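The values are calculated or read from the model by the stated rules, or taken from the named source; none is laboratory data. Keep in mind it's a predicted model, so treat the numbers as computed, not measured. Cβ placement follows ideal geometry from the backbone for every residue including glycine, while neighbour counts extend to all protein chains displayed.
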Amino acid sequence: MGLVLVCLAWGLAACVLLAALGLARRWRQGRPVRVAWIAGLAAVPRRYLVDVHHVVERRPEAARMHVPAAGGLLGGSVALMLAALPALRGSRAWWAVVAVLFAAALWGAILVRRRRRPAVPSFLSAGMFLWLPGALGAYAGGGLLLALGMLAAPDGGSPVLLAPLLLAIGGAVGLLVQFARGPMRHAFAGTVWLAAHARPGRFGGGRDTALRPLDLDAARLGAMAPSDFAWTALASFDACIQCGRCEQACPAFAAGQRLNPKALIQDLVAATRGSGHSYSGSPTPNAPPVACRGGMDAPIIGAGAMIHPDTLWACTTCRACVEECPMMIEHVDAIVDLRRGQALMLGQVRPGAAQALRRMRDSAEPGGRPLAARADGLAALDVPVLPGGGETDILLWLGEGAFDLRYGRTLQALVRLMRLAGLRFAILGEAEPDCGDLARRLGDEATFRLLADEAIATLNARRFRRIVTADPHALHVLRNEYPALGGHWTVQHHTALLDELVSSGALRLTPRDLPPVAYHDPCYLGRYNGEVEAPRRLLDAACGTRVEMARHGLRAMCCGGGGGNPISDVDGAARIPDLRMAQAGAVGAAIVAVGCPGCTAMLEGVPAPRPEVRDIAELVLDAVVTA
Amino acid sequence: MMATALRAVVLLSAGIDPVSGRPAPVGTEIRAIGLARALGARAIGLHAGLPVPVLREYAGYGLADIVCLDGAGADPVTALARAILSGGLFAEGPVDLVLAGRRASGGADSGLLPYAVAERLGWPIVADVAAAQRATPAGPSPELEIEQARPRGARRTARVAGPCVLSVHEVAACVPDFVFAQARAAVLRTMPAGIDGSPPLAGGAEERAYRRRPRLIAAAAQASGGRVLVDPAPQDAARAIIDHLRALGVLPPPAGS
């Protein structure tokens, strides 16, 4: 009987291996990428136990479930396989070990079951997940009983054990189906993805958020079919365990816009499988029906394919889903790949976006406004313009927001503060083109490159110590994305500069007696650049009371202004900034402090009554003490 | 019987963006490409001059084939007319339709050019085209039903038989999608213009400062003074606006009338 059990474990392992090869064969149809396998595989334990665990433990019950379920299942099965050695097979102690491991797995199965009882939470999927605890429990329970039987009589072969054997076989078959065609493949796909991750810099507390440059001479640009994705990305889609954390974090989903990151990843999985799928989580809100047709080389986007185009343009590229994903999936990279295919190969962008892109190509500015008008808001302050070949300490990059008179007030406050601190700085004036952020997020890499090349040449023709900007989107592009194209400078957000000036004593602040202030983290400053402390230090020094919204810091909610969402004619049940302002109101904030022209415009667009919107520079200027 | 596709030539200029002064495709010429596509025409771009990079962008808007007339600078009208009449542009037959933008953008282009080319060709010209469709979609005749854009949003219909010249208005809604992959793959062919000598107009033109001229308002747009409604009910106000737009021809007449 012991030998039968051992054969069962080996058979299960062999079948799992076959199914894994099937998965790998499918992934290999993706675009080849160079993977540092040895370093990657060596890093897997650490990436799993530290980085993945760090995300999983935000929901402690999920972490507690995995220890007995995964540990017991793997440990018990391996222990059974090792019992192929006669010495172990004959040892009561070994069978005791097997029994303990399977008991743990059985406990894990009970914990798995509890996640969906009495009702399946909206963010979790049903479907095959509903009988997963049954299969796991049958295998673990059968294994436990058999191990106990062997413990009682190591040489035994009692016919009484036939029933638990059948139970274990049934469970093993169930687990195999769960692995080959169901969610349990996340164990294998996740391991491969952790080893071959597209952004290894994210592990160990690092940050890697810059979009990768696209080779504009390649035959196919971006992703139109599953085979256009890097094979590692295909593996990452299979790694999704449908835990729904992305969907809970997604601002577009919350506003009823036609995007659910979880459904998107599952649709991409279905596209690789070719046909309609068995997804049973919450759907993409309000999305028009699609034909659910796919295939490795078939188009993914379109009413006649797998994903409706509306889904693609609802994304604000805020990376909240990426931040929450325990499998470290790169949703935004997938969306931008798909957008690149639509924009560059098919010209299929929204009319509003098409107009902005045309103006960026023709006038180097998404609003089609004269570049000389960018500094109009600063006209009264007489900021020097840095000519080609000129030199200064700080180059102030104004960004697209400068055309907006409201944001001009922020820039005026910043300039006044820099003057008070006695800094030497200048602007580019007419020579400042758009940095291309919007084009890049919309997938139009060609237009981005056009603008980036011009901006880099302009900046490289001038000498300065650092660049300061009040626009986190420009900050991200200049700091993180231009280096790949030949632009290397020190780039600072204005809150970091002001924080430096306050802590060095160059600016002295007295906290004013203000009603509660809540800081709204811009996605491109917080999640994209990890800067969440300096703005808070400034507010603490400038304002009386500061409150925190439930979602703040790296887990803050987007204002809805990123990724070209506002110009992409996105339909929804609510507006994202309305939701965000309601969150600020819920914690009693009377002022929402911002640090981004996009957030300013989006949050000020919320109808009254709502908290007042002030940029940190304005609040700091009000609190500054002039000697 | 299937209608044969019209053979259209879109006149392209090396435009500049009026805001930034950078090389850019001209909006009305982009719409001319869109109009050719809306008519289901086979279109070739024709540029009097050497191939310049900005021409590739027109290709991005859906013009796969662009012909540049080398040496046309001396007399672009003659060069263009000769190329159009030469029969060398389309293998299938003569040109049915010439499409152009209605006014200059500020680059080396001219709003007068479509008229001059039409005159040289001896073809009729319809200016300020907002939309067009084939009068008999199934027939072989290249007769077109044209909608002309008039001031204040009014529209006027016209009918013209090809071959003809159309100058496209900037309100035409037919802006094609810009596809980078098409721009990248564009073929810019260069043909000799067969013109030599200096421009005939050189020195003959007089330059004058811009002066605002009294507006010539077409009869169609001379709507009466309108009605003043003080604090009307929303329904009455909406009704009055719709009636006014119908009177201008912006909206179609009510269903069933």
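So, residue B:55, is that one within 17 Å of the chain's Cα centre (by Cα), more than 17 Å from residue B:162 (Cβ to Cβ) and assigned to a helix (DSSP H, G or I) or not?
Answer is yes for this residue.
Please pick out the residue among A:509, A:485, A:525 that is touching a residue at least 24 places away in the same chain (Cβ under 8 Å) and surrounded by 23 or more Cβ atoms within 10 Å (Cβ to Cβ).
A:525
Collect the residues in the stretch A:115-144 that are over 25 Å from the mean Cα position of the chain (by Cα), of a type in the set (A, V, I, L, M, F, W, C) and farther than 23 Å from residue A:179 by Cβ, keeping them in residue-number order.
Residue satisfying the conditions is A:119 alone.
What is the residue count in the stretch B:214-230 for residues that are of a type outside the set (Val, Ile, Thr) and modelled with pLDDT of 75 or more?
Of the residues in the stretch B:214-230, 2 are of a type outside the set (Val, Ile, Thr) and modelled with pLDDT of 75 or more.
Can you tell me which of B:156, B:189 is loosely packed, with under 15 Cβ neighbours inside 10 Å, of a type outside the set (Val, Ile, Thr) and more than 14 Å from chain A (Cβ to nearest Cβ)?
B:189
Within the stretch A:146-193, how many residues turn out to be part of a loop (DSSP other than H, G, I, E, B) and in contact with a helix residue (DSSP H, G or I) (Cβ under 9 Å, 6 or more places away or on another chain)?
7
Out of the residues in the stretch A:353-368 meeting the condition of being more than 7 Å from every other protein chain (Cβ to nearest Cβ) and in a loop (DSSP other than H, G, I, E, B), tell me which one is surrounded by the most Cβ atoms within 10 Å (Cβ to Cβ).
Among residues in the stretch A:353-368 that are more than 7 Å from every other protein chain (Cβ to nearest Cβ) and in a loop (DSSP other than H, G, I, E, B), the one surrounded by the most Cβ atoms within 10 Å (Cβ to Cβ) is A:366.
Okay, residues lined up against (1) on the phi > 0 side of the Ramachandran plot; (2) assigned to a loop (DSSP other than H, G, I, E, B); (3) under 25 Å from the mean Cα position of the chain (by Cα):
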{"position": "A:275", "(1), (2), (3)": "no, yes, no"}
{"position": "A:280", "(1), (2), (3)": "no, yes, yes"}
{"position": "A:285", "(1), (2), (3)": "no, yes, yes"}
{"position": "A:293", "(1), (2), (3)": "no, yes, no"}
{"position": "A:310", "(1), (2), (3)": "no, no, yes"}
{"position": "A:323", "(1), (2), (3)": "no, no, yes"}
{"position": "A:341", "(1), (2), (3)": "no, no, yes"}
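Only residues that are among the β-branched types (Val, Ile, Thr) and assigned to a loop (DSSP other than H, G, I, E, B): list them for the stretch A:582-614, please.
A:587, A:606
Pick from the stretch B:159-178 the residues that are within 14 Å of chain A (Cβ to nearest Cβ) and in contact with a strand residue (DSSP E or B) (Cβ under 9 Å, 6 or more places away or on another chain): which of them is surrounded by the fewest Cβ atoms within 10 Å (Cβ to Cβ)?
Restricting attention to the stretch B:159-178, the residues satisfying the condition of being within 14 Å of chain A (Cβ to nearest Cβ) are B:170, B:173-178.
Those left that are additionally in contact with a strand residue (DSSP E or B) (Cβ under 9 Å, 6 or more places away or on another chain): B:170, B:173-174.
Values: B:170: 16, B:173: 10, B:174: 19.
Applying the filter and picking the extreme gives B:173.
Which numbered condition trips up residue B:181, out of (1) within 14 Å of chain A (Cβ to nearest Cβ); (2) closer than 22 Å to residue B:47 by Cβ; (3) of a type in the set (A, V, I, L, M, F, W, C); (4) part of a loop (DSSP other than H, G, I, E, B)?
Of (1) within 14 Å of chain A (Cβ to nearest Cβ); (2) closer than 22 Å to residue B:47 by Cβ; (3) of a type in the set (A, V, I, L, M, F, W, C); (4) part of a loop (DSSP other than H, G, I, E, B), only one is false for residue B:181: (4).
Has the stretch A:538-548 got at least one residue that is closer than 18 Å to residue A:612 by Cα, in contact with a His (Cβ under 9 Å, 6 or more places away or on another chain) and in contact (Cβ under 8 Å) with a residue 24 or more places away in the chain?
Within the stretch A:538-548 (the criterion being closer than 18 Å to residue A:612 by Cα, in contact with a His (Cβ under 9 Å, 6 or more places away or on another chain) and in contact (Cβ under 8 Å) with a residue 24 or more places away in the chain), the answer is no, since none of the residues qualifies.
When you scan the stretch B:40-51, do you find a residue that is under 26 Å from residue A:348 (Cβ atoms), touching a Ser or Thr at 6+ places or on another chain (Cβ under 9 Å) and touching a residue at least 24 places away in the same chain (Cβ under 8 Å), even just one?
no
Restricting to the stretch A:334-352, and then to whatever is among the hydrophobic types (A, V, I, L, M, F, W, C) and more than 11 Å from every other protein chain (Cβ to nearest Cβ), can you tell me which residue is farthest from residue B:20 (Cα to Cα)?
A:334
Can you find, within the stretch B:67-82, the residue that is surrounded by the fewest Cβ atoms within 10 Å (Cβ to Cβ) among those that are at pLDDT 90 or above and over 18 Å from residue B:119 (Cα atoms)?
The residue in question is B:67.
Output the number of the condition that residue A:94 fails; it satisfies all remaining conditions of (1) surrounded by 19 or more Cβ atoms within 10 Å (Cβ to Cβ); (2) in contact (Cβ under 8 Å) with a residue 24 or more places away in the chain; (3) farther than 17 Å from residue A:139 by Cβ.
(2)
Quick check on residue A:315: is it away from every other protein chain (no Cβ under 14 Å) and out of contact with any Leu (no Cβ under 8 Å at 6 or more places or on another chain)?
Spelling it out, it is not the case that residue A:315 is away from every other protein chain (no Cβ under 14 Å) and out of contact with any Leu (no Cβ under 8 Å at 6 or more places or on another chain).
Please find, among A:298, A:314, A:320, A:353, the residue that is of a type in the set (Gly, Ala, Ser), in contact (Cβ under 8 Å) with a residue 40 or more places away in the chain and within 26 Å of residue A:59 (Cα to Cα). First the steps, then the outcome.
Details: A:298 fails: within 26 Å of residue A:59 (Cα to Cα); A:314 fails: within 26 Å of residue A:59 (Cα to Cα); A:353 fails: within 26 Å of residue A:59 (Cα to Cα).
Unique residue meeting the criteria: A:320.
For the stretch B:19-45, which positions are of a type outside the set (Ser, Thr, Tyr), within 13 Å of another protein chain (Cβ to nearest Cβ), assigned to a loop (DSSP other than H, G, I, E, B) and touching an Asp or Glu at 6+ places or on another chain (Cβ under 9 Å)?
The answer is B:19, B:22, B:24, B:25, B:26.
Mind listing whichever residues of the stretch A:369-399 are in a helix (DSSP H, G or I) and in contact with a Ser or Thr (Cβ under 8 Å, 6 or more places away or on another chain)?
A:371
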